[in-house]
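Undergrad: Below you'll find the structure I mean.
Since every read-out is calculated from the coordinates, none of them should be taken as a lab result. Please read these numbers as outputs of a predicted model, since none were measured by experiment. Cβ: placed from backbone, ideal geometry, glycine included. Neighbour counts: every protein chain shown.
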Amino acid sequence: MKPSTLRRLHRWIGLACALTVLAASGSGILHVVMTWTQTPPPRPQPDTAIDTAALRIAPAEALALPGPATGPVRSISLRLIGGQPWYQVLAGDSSVPRYLSAVDGHEDAAQDNRYAAEIATRYLGGQRVQWTRRLDAYDDEYIPIFRLLPVHRLDAADGEDTLHTRVYVSTLTGSVARHTDDSRQREANIFSLFHKYAFITAKPWRDGLLVAFTSLAFLTSLAGLVLFVVTRPRSSAP
């Protein structure tokens with residue numbers, strides 16, 4: 001290929017992907033800046049130790065009591081909720097855990113929301129929270145990168161919290177999956193728009209354009225290297 005042809009090809013490919021490179025590099029810088037501007041969340045408070053002497057009934061006994069048929073048991077965990085021990089049971093194909101009292105075996109479905117609120121409150125250093133909703137699928141704020149589902153969204157209940165703090169909690173793992181607020185989410189949205197093309201709702205199109213423009217940037221860099229080699233001055237023979 002002639003150097004002039006290669007030079008024109010390099011120029012037009014460079015123009016085609018210039019905006020994409022600017023968006024990717026600018027949002028990449030933002031991604032680093034976010035680690036400087038966003039203070040880490042408060043350290044979570046340690047869980048309270050469970051007094052095993054309070055366990056009055058075994059899991060098998062609690063499950064044997066009358067209740068809804070939910071299929072074979074997949075897992076059983078012991079949780080301390082409201083100062084009382086509860087068996088958290090996953091059964092059948094359901095992702096919604098059952099809560100059976102380890103004191104008398106009675107079931108209480110409301111303990112899932114209560115447990116989520118306690119996890120969020122400990123995580124925020126005692127700040128009051130209010131339960132908002134349960135998520136069984138990802139949305140615009142809780143995206144697949146956070147992995148855990150289902151989760152509960154809880155909002156800070158303190159009226160002085162002008163940043164509208166949100167915490168996403170998994171009661172199955174007993175942990176916080178995501179902590180955000182208006183400021184953090186604004187930066188995350190800018191990053192997603194320019195770095196991951198979040199404005200394109202169809203994932204196949206979004207992934208296709210990301211691959212296409214990244215490939216153009218790669219070709220532009222490769223063409224620049226080739227152009228440097230083929231157009232470098234030739235040393236004259238002595």
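Undergrad: Among His164, His195, His152, rank each residue by its count of other Cβ atoms within 10 Å, from fewest to most, as a rough exposure measure.
TA: Going from sparsest to densest Cβ surroundings: His164, His195, His152.
Undergrad: Using 1/(1 + (r/R0)^6) with R0 = 41 angstrom and r between the beta carbons of Arg147 and Leu225, what's the FRET efficiency to the nearest 0.05?
TA: Result of the calculation: an efficiency of 0.60.
Undergrad: Here is a further query. Using the Karplus curve 6.51 cos²θ - 1.76 cosθ + 1.60 with θ = phi - 60°, work out ³J(HN,Hα) for each residue of the range 144-158 in order, rounded to whole Hz, and write x for Gly and Pro.
TA: x, 4, 7, 6, 6, 8, x, 9, 10, 9, 10, 10, 4, 8, 6
Undergrad: What is the dipole size for the range 112-238, taken about its Cα centre, with +1 at each Lys and Arg Cβ and -1 at each Asp and Glu Cβ, in debye to the nearest 20?
TA: 640
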